[in-house]
1. For SER33, work out the one condition from (1) of a type in the set (S, T, N, Q); (2) at pLDDT below 90; (3) within 20 Å of GLU146 (Cβ to Cβ) it doesn't fulfil.
2. When the residues of the stretch 79-103 are filtered to those that are part of a helix (DSSP H, G or I), polar (S, T, N, Q) and touching a residue at least 24 places away in the same chain (Cβ under 8 Å), which remaining residue is nearest to CYS167 (Cα to Cα)?
3. In a helix (DSSP H, G or I), modelled with pLDDT under 85 and hydroxyl-bearing (Ser, Thr, Tyr), is that true of TYR125?
4. Going by what's in this entry, would ARG93 be described as surrounded by 13 or more Cβ atoms within 10 Å (Cβ to Cβ), of a type in the set (D, E, K, R), under 18 Å from the mean Cα position of the chain (by Cα) and modelled with pLDDT of 90 or more?
Amino acid sequence: MSGIAQPSDGGQVGGLLDRARRGNQGAFAELCSDASRSRWLLAITGTLPSYLRCKVDAEDVLQDVLSSAWRSIENVEGENAEDFHRWVSGILRNKVTDTIRFYGRRKREAFREEGHHTSPESKAYCHRNTPSKSAFRHEQIAKIAEVLDLLKEPYRQVIVHRVLEGCSTREVAEIMGKETEHVNILLYRALRKLKGILQERGIESTLFRPL
């Protein structure tokens, strides 16, 4: 139901975790699969306010997240892919929160200094931050982020936390301040709504399989 496709070889993942904890960067890179990176990028994009998406490169945020994860890899608990994914997602949530607060302060300071005027550099900055690599992946993530924006806020939140970040139902309930039963209902309705919109727009993605 979560739609998270994880490696089926739990023993192999456990071995990668052990090697990463001992300082093997190659093992850490294998843990951060392309599928996981795509989900993390979408979680970042889907959580950022729309006014920040042309100012903040989700790739930069993710690189900061993974750098922090690597520096503290010995602190990860658990032995399987889901545990590792949730641990990284916790770091991700904190980084995104810090980013929003940082730009919130800058926005308030700019408002006080410039009133209602918008800096002419803002659009140019948006273009400079457009990633040139992995263009197809970024295009797909942008399309799906637009779809997430069409959902009601509780639907969007439950998909980000439960599907993209891989949090357990209990963890999502704590984050959203709801009962676990309510989270399950929200997730079912949110995924059904998301599937319908994706089909209407002809968007295919493995990030939400099975839906």
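The values are calculated or read from the model by the stated rules, or taken from the named source; none is laboratory data. What you are looking at is a predicted structure, and each value in this text was computed from that prediction instead of being measured. Cβ coordinates were reconstructed from backbone atoms using ideal geometry, including for glycine residues, and neighbour counts include every protein chain displayed.
1. Condition not satisfied by SER33: (3).
2. SER89
3. Yes; evaluated as a whole, the condition is true for this residue.
4. It is true that ARG93 is surrounded by 13 or more Cβ atoms within 10 Å (Cβ to Cβ), of a type in the set (D, E, K, R), under 18 Å from the mean Cα position of the chain (by Cα) and modelled with pLDDT of 90 or more.
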